[in-house]
Amino acid sequence: MNQQLSDKTVLVTGGSRGIGRAITLAVARAGANVVSCYRQDGEHIDALAGELKNVPGDHQLVKADVTVPGEVDALVEGVRERHGRLHGIVHNAGVISHVPFGALTLDEWNRVVDTSLTAAYLVVNRALPLLSEGASVVAIGSRVATVGIPLRAHYTAAKSGLIGLVRGLTKELSPSGIRVNLVSPGMIETPEAAAKLSPEQRRAYEERYADIIAMRRFGRPEDIAGAVLFLLSEQSAYITGENINVDGGI
Ligand code: NDP
């Protein structure tokens, strides 16, 4: 087992499903104590908790909506009481919708921007006192932030905002030895998304994207987790302010 994060504590937002789940497990397997938050209870939480039980370390799944300041405060306070400090934050929580711009409501704009961008501010802002020399912050952006895509202007704007946030924090936090980076996934096939597609939809989806992705396959959650682990580890000690595309060559 790779122990590059041995005895460190890492907070992962939106760690119960998809990419966040893979990050949670990878971080725990790398030797860290992981605190992962989510909103909705269910069998998937019990299953993840069961998997984490088999991984050495002090792991916690905490119900906390990262768009609600009071819930972020409680989450961070829980980390402080239990672990004292944090080595890493991975802001992975994000929501998406496909809406023509003319029909995009302010509520929907806010839901998407609050989850991807404002929550990144909230979590890092509140957890900052727990970070010190050597700490690493990673935000999960999206390849669309620098490409653009129809029907997702709100999502694209939120993810582009993360690029600015990362650049700004890099300049501000580097003197304290805290690194801040972004991982921008391309088309990642999560088990949940795959399960929703009919065979016809899947064929159409594959045809549409095969020409766009040089490696001619969708990414896996583990592909993103690998890049995140690298950015949390000492191996990336001189990398900050970067946006790493993990997209199979779009
Ligand atoms: P999923 O929808 O599969 O999972 C999202 C996770 O975030 C869930 O654990 C969900 O928990 C949690 N979450 C959502 N909102 C909140 C909230 N307000 N507070 C706390 N937790 C929350 O997403 P993916 O795994 O597909 O995506 C993960 C990240 O990667 C997102 O930021 C997404 O934008 C980005 N991304 C994904 C791509 C892809 O192809 N899948 C491509 C590019 C970027 P719960 O179920 O409890 O709400």
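Only the coordinates and a few stated rules stand behind these numbers; no lab work does. This structure is a prediction, so every number in the text was calculated from the model and none was measured. Glycine gets a Cβ as well: all are built from the backbone with ideal geometry, and neighbour counts include every protein chain shown.
In terms of packing, defined here as the mean over residues of other Cβ atoms within 10 angstrom, the peptides 47-53, 75-81 line up highest first as 75-81, 47-53.
Translational diffusion of region 141-208 was estimated from the Stokes-Einstein equation, with Rh taken as the Kirkwood radius over Cα pairs; at 25 °C and 0.890 mPa s the coefficient is 172 µm²/s.
Per residue, the convex hull around the alpha carbon atoms of region 46-194 comes to 133 Å³. Computed from point charges on the beta carbon alone (+1 for Lys and Arg, -1 for Asp and Glu), the dipole magnitude for region 123-250 about its Cα centre is near 300 Debye.
Once C-alpha pairs closer than 8 Å and six or more residues apart are averaged by separation and normalised to the residue number of region 1-112, the relative contact order reads 29 percent.
Per residue, the average separation of C-alpha pairs within less than 8 Å and at least 6 apart gives the chain a relative contact order of 20 percent.
Helices in the chain, meaning DSSP H runs of at least 4 residues, each add -39500 (n - 2.57). Divided by all residues, the mean residue ellipticity at 222 nm is -13000 deg cm²/dmol. Only alpha carbons enter this Debye calculation for the chain, each as an equal point scatterer, and the log10 of I(q)/I(0) it gives at q = 0.14, 0.15, 0.16 Å⁻¹ is -0.92, -1.07, -1.22. Computed packing ranks the peptides 22-35, 194-207, 56-69 as 22-35, 56-69, 194-207, most packed first, by mean other Cβ atoms within 10 Å.
Compute the length gained on full extension between GLU234 and ALA157: take 0.36 nm times their separation in residues and subtract their Cα-Cα distance, giving the result in nm to one decimal. Numbers along the way, then the final one.
Details: separation 77, 0.36 × 77 = 27.72 nm, distance 3.12 nm.
Working it through step by step, the gained length comes to 24.6 nm.
Can you work out the FRET efficiency for the pair GLN40 and LYS171, with r the C-beta to C-beta distance and R0 = 35 Å, to the nearest 0.05? Could you put the intermediate results ahead of the total?
Numbers: r = 37 Å, r/R0 = 1.05.
With R0 = 35 Å, the Cβ-Cβ based efficiency is 0.45.
For ALA49 and LEU106 in one chain, what is 0.36 nm times their gap in residues minus the Cα-Cα distance, to one decimal in nm? Mind dumping the intermediate values first?
Numbers: separation 57, 0.36 × 57 = 20.52 nm, distance 3.61 nm.
Here the answer is 16.9 nm.
Distances between placed amide hydrogens fall under 5 Å for THR9 paired with ASN33, HIS87, GLY88, all partners being 5 or more residues away or on another chain.
Whole-Å semi-axes of region 135-250's equivalent ellipsoid, largest first, each the root of 5 times a Cα gyration tensor eigenvalue?
They are 30, 16, 11 Å, listed from largest to smallest.
Of the listed pairs LYS63/LYS196; LYS8/LYS53; LYS8/LYS196; LYS63/LYS171, which have alpha-carbon separations greater than 27 Å here?
Working: LYS63/LYS196 25 Å; LYS8/LYS53 17 Å; LYS8/LYS196 36 Å; LYS63/LYS171 32 Å.
From the list (LYS63/LYS196; LYS8/LYS53; LYS8/LYS196; LYS63/LYS171), the Cα-Cα distance tops 27 Å for LYS8/LYS196; LYS63/LYS171.
Bridgeable aspartates and glutamates around LYS159 (alpha carbons under 13 Å apart, same-chain partners fewer than 8 residues away excluded): ASP114.
Placing R0 at 25 angstrom, the Cβ-Cβ distance between ARG202 and HIS98 gives a FRET efficiency of 0.90 after rounding to 0.05. Ranking VAL55, ALA103, PHE218 by Cα position along the charge dipole of the chain, where only Lys, Arg, Asp and Glu carry charges on their C-beta atoms, puts PHE218 farthest toward the positive end. Screening the chain for whole DSSP H helices with an alpha carbon extent of at least 27 angstrom along the helix axis and a mean Kyte-Doolittle hydropathy of at least -0.5 yields 153-173.
What full-extension length gain, to one decimal in nm, is calculated for TYR209 and GLN3 as 0.36 nm per residue of separation minus the Cα-Cα distance?
On the way: separation 206, 0.36 × 206 = 74.16 nm, distance 3.59 nm.
Answer, rounded to one decimal: 70.6 nm.
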